Amino acid sequence: MAVNRVGAFFCSSFKLDWKALLGNNWSSSPTSDDFLKKGKLFSTYGGTSKARRLILLHELAHIFEAPGVVWDAGSQALSDLNNSFVMHYCSDVMNQP
């Protein structure tokens, strides 16, 4: 896995926004409609520990072919879906300060 030296992992000039389904809003096969109606908006700035955790866990989910994680290149909606999996299944790690 390579990390972009001028991307959100290191640079605070990036703002990361994503929608994730949490708690009772989670289903085994969420749809784009679920995100529109039930998704909670999350934000953080690049270079923060939260941004780094999200980026690493998201990319590791691809590498290990975690069930439910889909190829998301070029699609913010699919990236949001994968971020939901990270937020749901890695909530203990993502909720650290």
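Miscellaneous remarks
- Peptide ranges 63-72, 85-94 listed from the most packed, as the mean C-beta count within 10 angstrom indicates: 85-94, 63-72
- Fully extending the segment from Asp17 to Ala77 would add 20.4 nm, taking 0.36 nm per residue of separation and subtracting the current Cα-Cα distance.
- Spin-label zone in the stretch 78-97 - amide nitrogen under 19 Å from a point set 7 Å from the Cα of His62 along the C-beta vector: 78-90
- The peptide list 9-17, 44-52, put in order of mean Cβ contacts within 10 Å with the highest first, becomes 44-52, 9-17.
- Each residue, Val6 and Ser91, gets one label point 7 Å from its Cα in the Cβ direction; the gap between the two is 3.9 nm.
Since every read-out is calculated from the coordinates, none of them should be taken as a lab result. Since the structure is predicted, the reported quantities are computational estimates derived from the model, not experimental observations. Note that each Cβ is placed from the backbone with ideal geometry, even for glycine, and that neighbours are counted across all protein chains shown.
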